[in-house]
Structures are given as structure tokens and as C-alpha cells.
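S.K.: Structure below; questions to follow.
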Amino acid sequence: MQWRRASRSDLPPVGTEVRYDWPQGGGDPFDTAADETHWVLEASGWLGRTWPAGDLMDFGSWDPSFEHRVPVGYKTIAALERLAVVVKGAVVREWPGTSHHPDATTYTAVDGQGGEKGPDGRWVSHTHDTYVSALADARETKDRRVLVGRILVSHHWH
């Protein structure tokens, strides 16, 4: 019997970047299988789950389905429109933007690691005025996955 060495990735397994399990049954922010645009919860640099674009559901409400899954604390929460996933500087998937929240014109590049500096010394979350600049920023990050999105709505959560 011949044994093969398992391949090792220096990236965490897909799904481990999810800190907040909201919405229940939602997808992984770095899963590139969905054909349609999804929205994703972001809370001070940490990521929640994705859901199909179009309905903010109970995002940011005091409804127990949100509040118990995203505990109140000194953080800012946001609903992002996921537009791209970049892995070690390579764009692996892009999605079209939607017409929802047309006044939302701030974009972000976030890796879901809590707004800290990564091994390369770069901050893991940046905001930009255009999608192109957010994507360029994400492509400069060579050691992890980065989600590029449009900030649809955000507010303090404490």
C-alpha cells in the first residue's frame, strides 16, 4: 500500500473565519460556489454568514435571532455586499453588484480576522471609495483570503 502525504495549506480551512453564526443557515463568506450576489455580516473586522442579496432581514435589530448571535459590545456592525474573494493576491471569484442601497459608495477589503495586522504587517481591513481600489488593496495581500465588498449599512452595536 502506498501512502501519499496530505497537502498542507497555510490558510485556515474555509468556514473558520466565521465568528458570528448569523443568519442561521447562511453561507461561508469565502465560499465561491454561489452564482448570485450575497450579502455578509461584518462586525469590527470579524465576519458572519452570507445570505442572498435583497433583504436585510433582521440585521441590526434587537430581535433575539440577531442579538443572541451577534452579542452587543463595543463594535460596529455592517451588512456588506460581497463582490469578490481574493486568495493570496489572486482574484478567485467576482460577483456583480446589485441596485440595492444605491447611495452606499464605500468599499472594504476584509479578511475576517478582527481588524488586526497580519503577518505581513498590513492592516486586515481597509475602506475605499471605489471597488477598483478595494480590489487592488486585496490583491496586495499575499498571505490570506480577503473579501471585497460594498458597505450597504453600518452602525454602532453597543
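Taken together, the values in this text are just the output of simple stated rules run on the coordinates, not laboratory data. This structure is a prediction, so every number in the text was calculated from the model and none was measured. Glycine gets a Cβ as well: all are built from the backbone with ideal geometry, and neighbour counts include every protein chain shown.
S.K.: For I77, I151, what ranking results if the residue with the fewest other Cβ atoms within 10 Å of its Cβ goes first?
M.R.: Taking fewest neighbouring Cβ atoms as first place, the list is I151, I77.
S.K.: Can I ask one more? Just the number, please: Stokes-Einstein D of the range 23-158 in µm²/s, Kirkwood Rh from C-alpha pairs, 10 °C, 1.306 mPa s.
M.R.: Answer from the Stokes-Einstein relation: 107 µm²/s.
S.K.: Based on other C-beta atoms within 10 Å, arrange E42, E81 from fewest to most.
M.R.: Values: E42 27, E81 23.
If I rank by nearby Cβ atoms, fewest first, I get E81, E42.
S.K.: Counting Lys +1, Arg +1, Asp -1, Glu -1, what net charge surrounds G48 among other residues with beta carbon under 9 Å of its beta carbon? Numbers along the way, then the final one.
M.R.: Numbers: positive: R19, R49, R69; negative: D21, E42.
Result for the local shell: +1.
S.K.: Can you sort H156, H101 by how many other beta carbons sit within 10 Å, fewest first?
M.R.: Ranking H156, H101 by Cβ neighbours within 10 Å, fewest first, gives H156, H101.
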